[in-house]
Structure formats: structure tokens, C-alpha cells
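Trainee: Could you have a look at this structure, given as C-alpha cells, before my questions?
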Amino acid sequence: MTHPISAEMIAERNAAALPALTDDYAALGRKLERRGIAIDAVKDRAKAWSVAVPSWGAGRGGTRFAKFPLAGEPTNIHEKLEDCAVIQQLGRTTPRVSPHFPWDCVEDYGALRDEAASLGLGFDAVNSNTFQDQAGQAQTYATGSLSSTIQATREQAVQHNIDCIEIGQKLGSTALTVWVGDGTNFPGQQDLGRSFDRYLDAAADVYAALPDGWRMLLEHKMFEPAFYSSVISDWGSSLMAALELGDKCACLVDLGHHAPNANIEQIVARLHRAGKLGGFHFNDSKYGDDDLDSGSINPHQLFLVFNELAEAEANPRGAFNPAYMIDQSHNVTDPIESMLSSAEAIAGCHARAALVDRAALHKAQQDNDVMLAFRTLRSAYETDVGPILAMARMEQGGAVDWLGTYRASQFRQRKAQERKSVGLGAGIV
Ligand code: PSV
Ligand code: MN
């Protein structure tokens, strides 16, 4: 296996950090023991945890106004895989990459799968793109894709999703994530009911092409690029569609795709109740679909989402296997650093949710002891699980201090010498 960062350097830096880490881990272990929790069990749970990284997140994102490229950022899927391998090597929680097509198109997908494997990576859900026109495409998606009024456009969008499934099969993926930008910018522009009907008809054609063992994940979003209405605007529309399409279809929750202050953890609980919680796109937001780094703005909300997931895991109501992915746009940071930081924030919430004394919480809820219920959650949220995550990383060959180790490796500076420049671009001009 090829490792982009020197394993010796990681080991040396870990050895220097080990005495302090051992001390912190032991102190936390004693504290947890008083609460009846075995720290090694929490560490093992952390080791078993993983979240996929988005291929598109490896490059510097842009806004409507500009993109500020980073020297040495990846310019194609091969370079993106290399960067994702760095994230996995140092952080050890992101062994899979979620690709997006046609952005990540190559000639030989079998070779791409081998290339990823040689870097210690596999592929997660494939994402289709009918929210953007491609050069040479027969029909435009300017007025919709799966919900278009034009049959040829719907057929083209269906075919693209089927192509994505076929690519995914070659990559070893088992899920297709469908997000459409379909919707309207003006009241009256489209019939709100009929456009949903057209979406469902077309989505059923995609669904019919799902191989055995595959899932179709529907991602809702209330606005952008359509600012008056979206066809799959919210979890209600997503749930209606998933129920109608069938057992292989479930809903994907992108944390940034809701109205401000929406109670996302309750949406998670409802979708689980319906047996339709298919997966997540983790990110954070302040104002809208900001695609900021997970846990950077509202870490408490992330924890509450994981608290619901821990409840769901304990009461699976059938299969419970959500696809966990990150979906972020890194405009001002090195994407490798952002994704390592986000993966740690997500893994931290996953670990802290396991510290919740569920029996005590359920009893307090049953007794309507509001403060005790709240404090039971709060004490788990306030526990610093950093030593557990760092120990889990180290034992798997990752870096205790991922940021210092990454910077010491000079990876980005080396890539700035090797890789072609992406140049300016994007933005509204
Ligand atoms: C849409 O905003 C979205 O969240 C979907 O997941 C897209 O596929 C992704 O962003 C990438 O642009
Ligand atoms: Mn998303």
C-alpha cells in the first residue's frame, strides 16, 4: 500500500506525544469509570466508526463571487484520491470516498478502484449531477431534470443516474445519492403538484435500475438554485418520495439543507421511525447552505443528531445502516485540514453520544424530570473525548497531532511543485 505521508515521521511524532496522551487517557479513564463506563470500550467503538469524504471536497470550493485556488490543490480524481488518502492516513476515520459524476469521470473505473485500494481507500455512495449542464449534452437542465416538463430531458436525467449506478458497480459502491436542483424561482412558474409527480415517475425509472443490495438516497434541500420552491424541498417531500419508490429508497439528511434553526435531530428521529433514515451529508451552517466545516458553528446540534442516532442504534426497528458522508466546501482553508478537523468533530459527537447514560435519561424522561434529563445529555456533551480519539488514531497508525504532523510533512508544498495550477475561475464573472 502507498502512503502519501512518511509512516516513520508519524510514528516519531506520536512517540513524542505519547506520555501526555497516556496521562490524559488514564485521567479520563478514571473519570468515566466513576460513571460506570469502560474507556477502552468507547475507544473500540470509535475505532469501528467511519465517515466518507466527498471527492469534491478535496478541492478549494468557491462562492458565487470567487474562488481562491490553493497552490497544490488537486485537479483531478487521481489527485483527489491522494489527498483523501492523507486524510485517512492521519485521521483513520475516513476510509471511503464518495465520488460525484461527471466531475470524477475516467476511462477505466476498475483501474480507479485499484488505485484507491492501493491508497487504502474504497468508494462510498456515488452522486449524480443533473443540476449542471455538461458540454455536448443534448438537453439543458436549466428548467429542471427529473421533474422537467420535457420528456427528453427527464429521460436524459434518468439515463445519467443509471450511468452513475453502472460506474458505482465498477467502483464497489452500493448506493446512489440523488440531489436535484429542480424547482422554481417564481410563483406560478410550475405546478407544484405536477412537478412532484413528474419527479416521482422519473425517479421510479432510476429506482428500477438499482442492482440487488443497492440503495437510492434522496437528498432534500429547501432552496438554491431554485429560490421560490424546490421539488424535493424538505424531509416530508423526501419521505413521501422514498415511501412511494420502495424499500431500497431512503432519505439523506444534509445538515445545511433546512430552514434556519430547524430541529434536525427531530427530523432524524422521525425518519428513523419511518424506517427511511438513509444517510447524512455532514457540514455546518450559520445562515443557509453554507457548507461550513462540521462542528465549527453548532457542535451541540451535531451532538444532538448523534444522540438520536445512538437511540436509533439501540432501537433499530429493522435495519439501521445510515451512510455517513461529509459534504463541505472549503473556501479559505486547506481542504485536507478541514476534513481532518470535521472528521474529528463528527467522530467526537459519535463517541460522546455513547457516553449518555440512556437508562438514566429514559427514567428522567418517564418521570418528567426535565432538569435531570437535560443534565444527563449535557454531561456527555461536555466530556472531552479528545484523548479517546487520539489514542484510537495512534493505535491504528494515524497521527495523535494530525494538524502538526500534516504541516510538518510539507505535503501541500510538495504538491504545489508537482501539480498543475487550477487557475482562477468560478464565481459570478
Ligand atoms: C447540494 O447543495 C449538495 O449538498 C448535494 O449533495 C450536491 O451533490 C453537493 O451539494 C455537491 O455540490
Ligand atoms: Mn449534500
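What follows is calculated from the coordinates using simple rules that are stated; it is not laboratory data. All values derive from a computational prediction rather than experimental measurement. Please note: Cβ atoms are built from the backbone with ideal geometry, for glycine as well, and neighbour counts cover all protein chains shown.
Trainee: In segment 287-313, how many are away from ligand 1 (no atom under 16 Å from the Cβ), out of contact with any Asp or Glu (no Cβ under 9 Å at 6 or more places or on another chain) and either part of a loop (DSSP other than H, G, I, E, B) or without any contact (Cβ under 8 Å) to a residue 40 or more places away in the chain (or both)?
Mentor: 1
Trainee: For segment 314-356, give me each residue that is more than 16 Å from ligand 2 (Cβ to nearest atom), of a type in the set (F, W, Y) and not in a loop (DSSP other than H, G, I, E, B).
Mentor: Passing the criteria: none in range.
Trainee: Being over 21 Å from R30 (Cβ atoms), of a type in the set (D, E, K, R) and not in a helix (DSSP H, G or I) is the filter here; which residues of segment 367-397 pass it?
Mentor: Correct list: D367, D369.
Trainee: May I ask you to list the residues in segment 401-410 that are part of a helix (DSSP H, G or I) and either more than 21 Å from P69 (Cα to Cα) or more than 24 Å from the chain's Cα centre (by Cα) (or both)?
Mentor: W402, G404, T405, R407, A408, S409, listed by residue number.
Trainee: So in segment 242-268, with the set limited to residues that are in a loop (DSSP other than H, G, I, E, B) and either within 15 Å of ligand 2 (Cβ to nearest atom) or under 15 Å from the mean Cα position of the chain (by Cα) (or both), which one is surrounded by the most Cβ atoms within 10 Å (Cβ to Cβ)?
Mentor: Of everything passing the filter in segment 242-268, H257 is surrounded by the most Cβ atoms within 10 Å (Cβ to Cβ).
Trainee: Yes or no: segment 269-279 includes at least one residue that is in a strand (DSSP E or B), in contact with a Pro (Cβ under 6 Å, 6 or more places away or on another chain) and surrounded by 22 or more Cβ atoms within 10 Å (Cβ to Cβ).
Mentor: Yes, because at least one residue in segment 269-279 is in a strand (DSSP E or B), in contact with a Pro (Cβ under 6 Å, 6 or more places away or on another chain) and surrounded by 22 or more Cβ atoms within 10 Å (Cβ to Cβ).
Trainee: Moving to a separate point now. Could you tell me whether segment 323-339 includes any residue that is more than 20 Å from F411 (Cα to Cα), within 16 Å of ligand 1 (Cβ to nearest atom) and of a type in the set (D, E)?
Mentor: Within segment 323-339 (the criterion being more than 20 Å from F411 (Cα to Cα), within 16 Å of ligand 1 (Cβ to nearest atom) and of a type in the set (D, E)), the answer is yes, since at least one residue qualifies.
Trainee: For segment 73-95, what are the residues that are outside any helix (DSSP H, G or I) and either of a type in the set (S, T, N, Q) or surrounded by fewer than 24 Cβ atoms within 10 Å (Cβ to Cβ) (or both)?
Mentor: E73, P74, T75, N76, T93, T94, P95
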